[in-house]
Amino acid sequence: MNREEHHERKPPARPERTFLVHGVAVPAAALPAGLHVVATPIGNLGDMTLRGLSILAAADAILAEDTRVSRTLLARYGIGTPLSPYHEHNAAEARPRALSRIAEGQALALISDAGTPLVSDPGFKLVAEAVAAGLAVTTAPGACAALAALCVAGLPTDRFFFEGFLPPRSAARRERINALAAVPGTLVFYEAPSRLGETLCDLAAELGPRPAAVARELTKLHEEVRRGTLDALAADYGAGEAPRGEIVIVVGPPERREAVDEGALDAEIRAALAALSVKDAAAAVAAKLGLPRRQVYARALALAGAAR
Ligand code: SAM
């Protein structure tokens, strides 16, 4: 093959990087080498930021959780950047390849199917290894279901704890919820619609009748937010068919109390022991006072033993 033939076979240069906003082509800003973490909408495609679009249009490639899902978003905004899969099943092989491309001077964008990558989505190890390798990491922040749900729940937002998905089996789920009972802030969970009823029941059993909200299909046509105490929401969603769509559960913090003094704790435990087993009394008092169940259980055992 002579030089000219070789030259002819080179892939065509990519056209100027642009993205479309309301049909108007906008030139993308130059993008430095690095890993660029870009949030995408959680339902309403209008929630894509202009800077996110510019990065996606200018990148050498976009690492995407499901390339078919991301193609819809890119088509809507007229972006032709090549997509490359990055998901939990191929991450171990895809990660070193992505890191070498960045080290060679390329700009790679990372997106997930919806919302903010790394939040209950792939990307943490990629970012951690890029940072460890001294590569640049930037972000174009945007939609995130946890924050969107907090915005509409009507529950305190000064402190919140994002748990993500709870374990699917009830025993492990209750154990995990119990470990969260003393967190002094609002709790945020992602949940599948098929498990919503049972998870609300477990939350009510472990945390008591705290105020809560179920935010469904945020930013979409059938967006709905139901607010109430955990037991009322559990009864509501426990009856009838499982709801459809995507769901975030937000649970208000435990009642704010001054440090519970020992006498008051003992009085609560004794009252509960009059009607309940040691285990159930400990769970009920722990939930009521926002204390770790193990701590209350140890004291309940001692009081029950002394009473015998
Ligand atoms: N990275 C995403 C983010 O920033 O929110 C979350 C990805 S996680 C795999 C998907 C879960 O997020 C869904 O099961 C649901 O709990 C929640 N979610 C995503 N979109 C939602 C929406 N529009 N309304 C309510 N919850 C949503």
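The values are calculated or read from the model by the stated rules, or taken from the named source; none is laboratory data. Predicted model only: the values in this text are computed from it and were never measured. Cβ coordinates were reconstructed from backbone atoms using ideal geometry, including for glycine residues, and neighbour counts include every protein chain displayed. Each accessible area value is taken on the protein alone, full model and side chains, heavy atoms only, with ligands, DNA and RNA left out. Shrake-Rupley method; radii C 1.70, N 1.55, O 1.52, S 1.80 Å.
Values as computed for the structure displayed
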{"item": "Test: residue in segment 199-216 that is closer than 27 Å to residue 43 by Cα, open to solvent by 10 Å² or more (accessible area, probe 1.4 Å) and outside any helix (DSSP H, G or I)", "result": "yes"}
{"item": "Given (1) within 9 Å of residue 35 (Cβ to Cβ); (2) within 16 Å of the ligand (Cβ to nearest atom), number of the condition residue 137 does not satisfy", "result": "(2)"}
{"item": "In segment 217-242, the residues that are within 16 Å of the ligand (Cβ to nearest atom) and open to solvent by less than 70 Å² (accessible area, probe 1.4 Å)", "result": "217, 218, 219, 220, 224, 225, 233, 237, 242"}
{"item": "Flag if residue 118 is on the phi > 0 side of the Ramachandran plot, of a type outside the set (Phe, Trp, Tyr) and part of a loop (DSSP other than H, G, I, E, B)", "result": "yes"}
{"item": "Residue count for segment 84-123, restricted to those that are under 19 Å from residue 29 (Cα atoms) and in contact with a Ser or Thr (Cβ under 7 Å, 6 or more places away or on another chain)", "result": "1"}
{"item": "Search result, residues across segment 176-197 that are in a helix (DSSP H, G or I), more than 11 Å from the ligand (Cβ to nearest atom) and surrounded by 16 or more Cβ atoms within 10 Å (Cβ to Cβ)", "result": "177, 178, 180, 197"}
{"item": "Any strands (runs of 3 or more DSSP E) falling wholly within segment 11-64 and containing at least 1 residues that are within 16 Å of the ligand (Cβ to nearest atom) and either in contact with a Ser or Thr (Cβ under 7 Å, 6 or more places away or on another chain) or open to solvent by 60 Å² or more (accessible area, probe 1.4 Å) (or both)", "result": "34-38, 61-64"}
{"item": "The listed residue being away from the ligand (no atom under 16 Å from the Cβ), under 30 Å from residue 217 (Cα atoms), open to solvent by 20 Å² or more (accessible area, probe 1.4 Å) and part of a loop (DSSP other than H, G, I, E, B), out of 78, 105", "result": "78"}
{"item": "Close pairs (6 angstrom Cβ cut-off, 6 or more residues apart or separate chains): closer than 19 Å to residue 120 by Cβ in segment 132-147, within 16 Å of the ligand (Cβ to nearest atom) and open to solvent by 60 Å² or more (accessible area, probe 1.4 Å) anywhere", "result": "143/47; 146/162"}
{"item": "Test result for residue 131, assigned by TED's automatic domain parsing to the domain that holds residue 51, open to solvent by 40 Å² or more (accessible area, probe 1.4 Å) and either within 16 Å of the ligand (Cβ to nearest atom) or under 24 Å from residue 53 (Cα atoms) (or both)", "result": "yes"}
{"item": "Answer residue from segment 138-175, given it is of a type in the set (Lys, Arg) and not in a helix (DSSP H, G or I) and is least open to solvent (accessible area, probe 1.4 Å) among those", "result": "159"}
